[in-house]
Amino acid sequence: LCKMMVASSLRWCALAATAAAAAAATTVRSPTAPASLPRASLRMTSTLSSSSVDTSHLGAALRGDFPALQQTVYEDCPLVYLDSAATSQKPREVIEAVSHYYERDNANVHRGAHALSVRATDAYEGARDKVAQFVNAASRREIVFTRGATEAINLVAHSWGLDNVGPGDEIVVSEVEHHANMVPWQLLAQRTGAVVKYARMDTDAGCIDLAHLLSLLGDNTKLVALPHVSNVLGCELPVPAVVAAARAVGAKVLLDACQSVPHMPVDVQALGVDWIVASGHKMCGPTGIGFLWGRLDMLESMAPYQSGGEMIDEVTLEGSTFAPPPGRFEAGTPAIAQAVGLGAAVDYLSRLGMDAVHAYESELAAYLESQLRTVDGLTVHGPPAGAPRAALAAFTCAGVHANDLATFIDQDGVAVRAGHHCAQPLHAALGVTSTARASLYIYNTKEEVDRLIETIRSTQQLFAGLEG
């Protein structure tokens, strides 16, 4: 045991020394930040690929991995969980990884010389490596753990925005945003005198009006912040066109990748943006953990977001210096167990292969959309019939309020979400106050879509009878 502790401590000291040398060009160093890994070593690999997996039966094959899906609700109605855009269910190995940490390795990370601290540090920093590989980051130091995507966006708004956005500068977002990618920029504009401009929705395409978006970019544009995939419409942003236009005017680009990272291969180097944010709980991981990926040069230029322990280099009575990224942005005791769980979730998805995940979900998405369109009186919002979309659909039902619809089909064990889905401006653009949304993931099946359609029709019949 002693030999193990000494060896691990020496290894972390060596990694820290390498990280300090890498940051020598700045005035800070980090005694706890492991070094950047070679780019080649960060390529995501998986034991399975889309060519080795029969994706047509993926959902049925995986259901047994998710304990929550094995239950019945409301007088023995089997649970049909269609709310994964809000939060995904967790595979058993993620639950066990978190439990194992608390049962065996629970200790604070970094600087501890005892065995539990060493193991906890290995698990926490190992999760960072896994996330870096998963999104093909050029360096593990580009991954900052946060409480979730919302905190990650606020981190950028505070640490980069306050120093780089001023009176008359422009921030371009869209009216289809989740509130988490709208409100922080509104607050930043209020504090700095900047202006927020909104790209409208193209009602025919069911997504952001790209031509209008590009027309908003100009010499005063400092930032473009948009969703990679809409959490209501299910459409995917044409990232290359947006990045090219933003670069032409010298603007930075942030992507809200909460609805893309869990569902498709995401390569941050290929995307060419400056930051992406994602939530762990939407990708089979625990709540309370997410991450910010940022280009290392961007992160190194940004001031701390919060201050306290962990994020410092040296503290004296005269002042303080700060650690290089990612430690600079991870003040205090981090969400260790949650990071461990996120690492286990990444392992799970990586074994499946994100190409296989995307292929299966594309099949589910097409089936979901086509079946919803067979229901009389139902309007499906988003891309037109047959167009590519994520495996989610927001819809309205004539004569039945979205909240009523969700409540009644829940009595048959079918779980969907109703409301504005944290996208009130988008719903205003649609001309409705709320929608019902079915969102699918790797554990769902076409049979569950059929069950959804049955319950919608039976609810329509019930309300028609009440009106009669």
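The values are calculated or read from the model by the stated rules, or taken from the named source; none is laboratory data. Keep in mind that this is a model prediction, so the values were computed, not measured. Don't worry about glycine lacking a Cβ; one is built from the backbone with ideal geometry, like all the others, and counts go over all protein chains shown. Side chains are part of the model used for accessible areas, which takes the heavy atoms of the whole protein and leaves out ligands, DNA and RNA. Shrake-Rupley method; radii C 1.70, N 1.55, O 1.52, S 1.80 Å.
Considering only alpha-carbon pairs that sit under 8 angstrom and 6 or more positions apart, the relative contact order computed for the chain is 22 percent. So, in Å, what gap is there between the alpha-carbon centers of the stretch 114-167 and the stretch 355-430? What the calculation gives is 33 Å, centre to centre. Modelled label positions at E75 and R351, each set 7 Å beyond Cα in the direction of Cβ, lie 4.0 nm from each other. Normalising by residue count, the chain has a Cα convex hull of 158 Å³ per residue.
To put it simply, the accessible area of the chain at a 1.4 Å probe is 54 percent carbon and sulfur.
Of V261, G327, L226, which is farthest along the charge dipole of the chain in the positive direction, counting Lys and Arg as +1 and Asp and Glu as -1 at C-beta? With unit charges placed on the Cβ atoms, the residue in question is G327. When the Cα positions of T433, A359, P383 are compared along the charge dipole of the stretch 352-457, T433 comes out farthest toward the positive end, with charges on each C-beta of Lys, Arg, Asp and Glu. Close amide H contacts of V73 (hydrogens built in the peptide plane, cut-off under 5 Å, sequence separation of 5 or more or a different chain): L79.
Each residue of the stretch 411-428 was assigned a 3J(HN,Hα) from its phi angle through the Karplus expression (A = 6.51, B = -1.76, C = 1.60, θ = phi - 60°), giving 5, 9, x, 9, 9, 10, 10, 10, x, 9, 6, 6, 8, 5, x, 5, 5, 4 Hz with x at Gly and Pro.
A335 sits among other residues whose Cβ lies under 14 Å from its own Cβ, and their net charge, with Lys and Arg +1 and Asp and Glu -1, is -2. Toward the positive end of the charge dipole of the chain, with +1 on the Cβ of Lys and Arg and -1 on the Cβ of Asp and Glu, the farthest Cα among I312, Q460, C422 is that of I312.
P(r) tail, the stretch 350-407: Cα-Cα pairs separated by more than 14 Å, 59% of all pairs. Between amide H atoms placed 1.01 Å from N, distances below 5 Å from V196 occur with I171, all of them 5 or more places distant or on a separate chain. Summed over qualifying helices (DSSP H, 4 residues or more, each -39500 (n - 2.57)) and divided by its residue number, the chain shows a 222 nm mean residue ellipticity of -11500 deg cm²/dmol. Just check the stretch 208-327 against the gyration tensor rule for me: Cα atoms, a ≥ b ≥ c as the square roots of the eigenvalues, rounded for a/c under 1.5, and otherwise prolate or oblate depending on whether a/b exceeds b/c. Oblate, because a/c is 1.5 or more while a/b does not exceed b/c.
Please compare each pair in K90/K282; K197/K222; K222/K252; K252/K282 to a cut-off of 18 Å on the Cα-Cα distance and tell me which ones are over it.
Values: K90/K282 9 Å; K197/K222 11 Å; K222/K252 6 Å; K252/K282 26 Å.
Where the Cα-Cα span goes over 18 Å, the pairs concerned are K252/K282.
The amide H of V414, built 1.01 Å from its N in the peptide plane, has V80 as neighbours under 5 Å, considering only residues 5 or more places off or on other chains. Shape descriptor for the stretch 83-228: Rg over Rh equals 1.09 (Cα atoms; Rh from the Kirkwood inverse mean 1/r).
Using Cα atoms only, what is the angle between the long axis of helix 354-372 and the major principal axis of the chain, expressed in degrees (0 to 90) to the nearest 10? For 354-372 against the chain, the angle is about 20 degrees. Between rounded, prolate and oblate, where does the stretch 145-218 land on the alpha carbon gyration tensor, with a ≥ b ≥ c its root eigenvalues, rounded for a/c under 1.5, else prolate if a/b exceeds b/c? Oblate, since a/c reaches 1.5 and b/c is not below a/b. For the chain, leaving out every one of the GluC sites (Glu not before Pro) that falls in a DSSP loop and has at most 13 other Cβ atoms within 10 Å, the longest unbroken run is 76-317. Per-residue 3J(HN,Hα) values for the stretch 340-350, derived from phi via the Karplus relation 6.51 cos²θ - 1.76 cosθ + 1.60 with θ = phi - 60°, read 4, x, 5, x, 5, 5, 4, 4, 4, 5, 5 Hz in sequence order (x marks Gly and Pro). Converting phi to 3J(HN,Hα) with the Karplus coefficients 6.51, -1.76 and 1.60 and the offset θ = phi - 60°, the stretch 263-277 yields 10, 8, x, 10, 10, 5, 5, 6, 5, x, 8, 9, 9, 10, 10 Hz in sequence order, with x at every glycine or proline.
Calculation over all alpha carbon pairs of the stretch 314-468 in 5 angstrom steps from 0 returns a P(r) of 2, 8, 14, 15, 14, 11, 9, 8, 6, 5, 4, 3, 2, 1, 0, 0 percent.
Over the stretch 107-175, Cα pairs under 8 Å with separation of 6+ residues give a relative contact order of 14 percent.
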